[in-house]
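Novice: Before I ask anything, let me first share the structure, which is written out below as structure tokens.
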Ligand code: HEC
Ligand code: HEC
């Protein structure tokens, strides 16, 4: 613990320690709250934690951050709870930095380090601390959990080969995919559950999907029996009441002030319905979708920092410029399967004048407002690094062959055209939860920007990259 003029600051990432950390803030205006929480203290409505870019905060609209909620209870048999992989200090996911601390503190015996899905392989040798470091290397370096799925029986393809750096020896009909836990916050904005949408049942509302998801999470991650309906409802109500956003930026100060309209409280007031701002005007006839005609698409998806354009602070100006770049900087969006990459896709040919918001279209949340899995190339064989397995898939009829590190949505639908497709996730509280993308391959937000610059040939200037980075960090 460090004492500063601003109060007691700890760098602990544990749930029980709540920190609002402010460093060398250019703007010293807003009040600084250094909260602590222990079993004896009253449970608050919100929690703030320091992160590399400043402070993020979670607000709950369902009365209190109740640590007695089954979300925090061990409902299974292996010592895990939802909190094992979804932590408020990491914006409700986990990060390699914090996992490293947990590994060191417990000699790799914390319940997150379980072979059922934490290790590279199910049969990993975990008999010594050195072996455990090897066995959980992907979890420790990328913060990914192993998801094993069976190739659907009716699939249009077979998996005919795997180049597996871990020699896991699983049958080819089972594919191991390594994925980042999605945050269990800001779920009121999502249009599909899980990276590949596998917990989204046709015609069912998201809340019911989340109930099934929670049941499966207890059975699979925690190796338990299905919890009671009361427990499941309590978990999902808790999750749906959480809103998390960056609240302070180290350089630009308070993000939730008068001119800037960001922060968790503003986010909790942000309206949403499925299809709210879809560029293709899709209004699926499903529960939770917007009623009537969708309003026309507004590319200005983020409207948090426009008020800072005329501020004296250069850091604030940069964030305002970054927001405008995200909304309006145009580039050609081409060959994206799911959007305009094949004959069955809704758009033919290149979208010459798209911006980031063609896909990240939900106002002030940034996820895709409709369930529409897309392949932007994250799992492509060309991006494969030696620490990831490479699967070879062959079309059962045409014998066409494709290699990928993760077949994505194709493992749910069995469709060849769904290979490599994932959902467009919520883009809030990013600074607290590197690395990015489903496989954690974007080590930093700068890497994410570089990925897009290369993938779409955007040719961002250095200034544009810096501004966009300042903006993403402030979300
Ligand atoms: C061992 C780690 C682990 C545990 C424990 C765990 N999760 Fe997850 N969670 C994940 C991973 C990994 C994903 C993403 C998997 C994917 O998309 O394929 C995920 C995804 C989710 C999502 C989807 C969010 C979205 O945007 O689609 C929800 C909701 C969720 N988890 C809730 C829970 C709940 C509730 C519990 C406790 C009952 C729980 N999780 C326990 C690792 C975990
Ligand atoms: C063609 C659609 C599309 C466009 C255009 C697009 N994205 Fe994405 N974005 C996605 C999808 C899909 C994912 C998830 C991909 C994955 O993990 O496989 C994603 C993921 C991300 C993530 C990682 C979030 C996380 O939680 O890991 C960030 C950050 C991001 N995008 C920022 C941007 C920025 C900045 C731009 C503009 C330069 C942009 N995106 C343009 C579809 C798009």
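The values are calculated or read from the model by the stated rules, or taken from the named source; none is laboratory data. If you're wondering where the values come from, they're calculated on a predicted model, not measured in any experiment. So basically every Cβ, Gly included, is an ideal-geometry build from the backbone, and we count neighbours across all protein chains shown.
Novice: For residue 387, which of the numbered conditions (1) at pLDDT 95 or above; (2) assigned to a loop (DSSP other than H, G, I, E, B); (3) surrounded by fewer than 19 Cβ atoms within 10 Å (Cβ to Cβ); (4) out of contact with any helix residue (DSSP H, G or I) (no Cβ under 8 Å at 6 or more places or on another chain) fails to hold?
Specialist: Here residue 387 clears every test but (4).
Novice: Then there is this: Looking at 338, 342, which one is modelled with pLDDT under 95 and either assigned to a loop (DSSP other than H, G, I, E, B) or surrounded by fewer than 18 Cβ atoms within 10 Å (Cβ to Cβ) (or both)?
Specialist: The conditions single out 342.
Novice: Let me confirm something: among 274, 235, which residue is touching a helix residue (DSSP H, G or I) at 6+ places or on another chain (Cβ under 7 Å), touching a residue at least 24 places away in the same chain (Cβ under 8 Å) and either within 16 Å of ligand 1 (Cβ to nearest atom) or over 17 Å from residue 364 (Cβ atoms) (or both)?
Specialist: When all the criteria are applied, what remains is 235.
Novice: Something else now. What tally of residues in region 299-335 results from selecting those that are surrounded by 20 or more Cβ atoms within 10 Å (Cβ to Cβ), under 20 Å from residue 363 (Cα atoms) and touching a strand residue (DSSP E or B) at 6+ places or on another chain (Cβ under 8 Å)?
Specialist: Adding up the residues that qualify gives 1.
Novice: Tell me, yes or no, whether region 55-68 has at least one residue that is surrounded by 13 or more Cβ atoms within 10 Å (Cβ to Cβ), out of contact with any strand residue (DSSP E or B) (no Cβ under 7 Å at 6 or more places or on another chain), at pLDDT 95 or above and not in a loop (DSSP other than H, G, I, E, B).
Specialist: no
Novice: Which of the residues that make up region 308-334 are without any contact (Cβ under 8 Å) to a residue 24 or more places away in the chain and over 24 Å from the mean Cα position of the chain (by Cα)?
Specialist: If the condition is that a residue be without any contact (Cβ under 8 Å) to a residue 24 or more places away in the chain and over 24 Å from the mean Cα position of the chain (by Cα), then 309, 310, 312, 314, 317 are the ones that fit.
Novice: Right, another one. Say whether the condition of being under 24 Å from residue 227 (Cα atoms), near ligand 1 (Cβ under 9 Å from one of its atoms), in contact with a helix residue (DSSP H, G or I) (Cβ under 9 Å, 6 or more places away or on another chain) and assigned to a loop (DSSP other than H, G, I, E, B) is met by at least one residue in region 94-103.
Specialist: yes
Novice: Which pairs have Cβ atoms under 6 Å, sit 6 or more apart or on different chains, and link a residue in region 420-447 that is without any contact (Cβ under 8 Å) to a residue 12 or more places away in the chain and more than 15 Å from residue 181 (Cα to Cα) to one that is part of a loop (DSSP other than H, G, I, E, B) and within 7 Å of ligand 2 (Cβ to nearest atom)?
Specialist: none
Novice: Let me ask something else about it. So, restricting to strands (runs of 3 or more DSSP E) that lie completely within region 127-203, which ones have at least 1 residues that are within 13 Å of ligand 2 (Cβ to nearest atom) and in contact with a strand residue (DSSP E or B) (Cβ under 9 Å, 6 or more places away or on another chain)?
Specialist: Passing ranges, in order: 174-179.
Novice: Going through region 256-271 one residue at a time, which ones are touching a residue at least 24 places away in the same chain (Cβ under 8 Å) and more than 21 Å from the chain's Cα centre (by Cα)?
Specialist: Listed by number, the residues that qualify are 257, 258, 259, 260, 261.
Novice: In region 204-246, how many are within 20 Å of the chain's Cα centre (by Cα), closer than 23 Å to residue 264 by Cα and in a helix (DSSP H, G or I)?
Specialist: 9
Novice: Quick check on residue 243: is it touching a strand residue (DSSP E or B) at 6+ places or on another chain (Cβ under 9 Å) and more than 21 Å from residue 112 (Cα to Cα)?
Specialist: It is true that residue 243 is touching a strand residue (DSSP E or B) at 6+ places or on another chain (Cβ under 9 Å) and more than 21 Å from residue 112 (Cα to Cα).
Novice: Looking at region 413-431, which of its residues are touching a strand residue (DSSP E or B) at 6+ places or on another chain (Cβ under 8 Å) and not in a loop (DSSP other than H, G, I, E, B)?
Specialist: Residues satisfying the conditions are 416, 418, 421, 422.
Novice: Could you list, in sequence order, all residues of region 84-101 that are surrounded by fewer than 20 Cβ atoms within 10 Å (Cβ to Cβ) and either farther than 18 Å from residue 439 by Cβ or at pLDDT below 95 (or both)?
Specialist: Those that are surrounded by fewer than 20 Cβ atoms within 10 Å (Cβ to Cβ) and either farther than 18 Å from residue 439 by Cβ or at pLDDT below 95 (or both): 98, 100, 101.
Novice: Would you be able to say whether some residue in region 432-449 is within 20 Å of residue 334 (Cβ to Cβ) and away from ligand 1 (no atom under 14 Å from the Cβ)?
Specialist: Yes, there is a match, as at least one residue in region 432-449 is within 20 Å of residue 334 (Cβ to Cβ) and away from ligand 1 (no atom under 14 Å from the Cβ).
Novice: Could you list, in sequence order, the residues of region 350-384 that are in a loop (DSSP other than H, G, I, E, B), more than 20 Å from the chain's Cα centre (by Cα) and within 28 Å of residue 148 (Cα to Cα)?
Specialist: Across region 350-384, the qualifying residue is only 384.
Novice: For region 434-453, state whether one or more residues are within 12 Å of ligand 2 (Cβ to nearest atom), over 26 Å from residue 385 (Cβ atoms) and modelled with pLDDT of 95 or more.
Specialist: Looking through region 434-453, none of the residues is within 12 Å of ligand 2 (Cβ to nearest atom), over 26 Å from residue 385 (Cβ atoms) and modelled with pLDDT of 95 or more.
Novice: Return a yes/no flag: does region 164-178 have any residue that is under 15 Å from residue 409 (Cα atoms) and free of Cβ contacts under 8 Å to residues at least 12 places away in the same chain.
Specialist: no
A quick yes/no check of all residues on (1) away from ligand 1 (no atom under 16 Å from the Cβ); (2) surrounded by fewer than 23 Cβ atoms within 10 Å (Cβ to Cβ); (3) within 30 Å of residue 291 (Cα to Cα):
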{"residue": "356", "(1), (2), (3)": "yes, no, yes"}
{"residue": "396", "(1), (2), (3)": "yes, yes, no"}
{"residue": "399", "(1), (2), (3)": "yes, yes, no"}
{"residue": "403", "(1), (2), (3)": "yes, yes, no"}
{"residue": "406", "(1), (2), (3)": "no, no, no"}
{"residue": "412", "(1), (2), (3)": "no, yes, yes"}
{"residue": "416", "(1), (2), (3)": "yes, yes, no"}
{"residue": "420", "(1), (2), (3)": "no, no, no"}
{"residue": "429", "(1), (2), (3)": "no, no, yes"}
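Novice: Moving on. Tally the residues that are within 13 Å of ligand 1 (Cβ to nearest atom) and more than 22 Å from the chain's Cα centre (by Cα), restricting the search to region 117-131.
Specialist: 0
Novice: Look at residue 414 and say whether it is farther than 24 Å from residue 329 by Cβ and either within 9 Å of ligand 2 (Cβ to nearest atom) or at pLDDT below 95 (or both).
Specialist: No; evaluated as a whole, the condition is false for this residue.
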